[in-house]
Amino acid sequence: MAVRVKIKIRNKATGDIIETNALVNSGFEATTRKLLIPHKLATKLKLWPPREIATKKFGTAGGEIGMPVIPGSIEVKLILERDMPWIVCDAVVSFLEKEVLISDKLGGALGIVIEDLAEGIWRHKEDSYETKRQTYPPQYWE
């Protein structure tokens with residue numbers, strides 16, 4: 001099992017918002033807050049094609065791959081029973097991945113605490129220690 005959370009993504013330039021489930025990927029190590037989004041979702045959010053683009057190399061299980069990065073272009077927030085703040089981050093656009101992936105730095109900024117990875121149990125850092133949230137199902141953007 002994995003930990004997936006429900007998030008909102010907002011295009012900073014247009015204000016377009018999409019709600020989706022996203023995989024918390026601690027193996028997606030980054031130096032800044034990054035959200036990997038499939039090309040189809042980037043298009044729906046009107047992030048693609050971008051006015052400015054930089055390609056960055058990322059290490060994957062299949063080897064190194066170059067992906068477009070649109071710095072500071074989106075805001076992300078967790079969907080919980082209480083209102084959460086928007087967190088600014090970079091959009092990484094993937095033409096291969098079909099699921100939204102949260103980097104380690106973004107997961108930390110969102111306050112996600114993984115309690116049991118095998119069972120898909122998590123909580124927000126402001127939740128009580130007794131709070132146990134269930135993972136959401138995968139959502140694919142194909």
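Charged neighbours of Ile112, selected by a Cβ distance under 14 Å, balance to +4 (K, R count +1; D, E count -1). Restricting the range 64-101 to GluC sites (Glu not before Pro) that sit in a DSSP loop and have at most 13 other Cβ atoms within 10 Å of their own Cβ leaves Glu81. With N counted as the residues of the chain, its alpha-carbon radius of gyration over 2.2 N^0.38 Å works out to 1.00. Scanning the chain for trypsin sites (Lys or Arg not before Pro) in DSSP loops with at most 11 neighbouring Cβ atoms within 10 Å leaves 1-50 as the longest stretch between them. Classify the range 1-65 as rounded, prolate or oblate from the Cα gyration tensor: take a ≥ b ≥ c as the square roots of its eigenvalues, call it rounded if a/c is under 1.5, otherwise prolate when a/b beats b/c and oblate if not. Oblate.
Each reported figure results from applying straightforward, stated rules to the coordinates on display, with no laboratory input. This one's a predicted model, so the numbers in the text were calculated from it and none came from an experiment. Cβ coordinates were reconstructed from backbone atoms using ideal geometry, including for glycine residues, and neighbour counts include every protein chain displayed.
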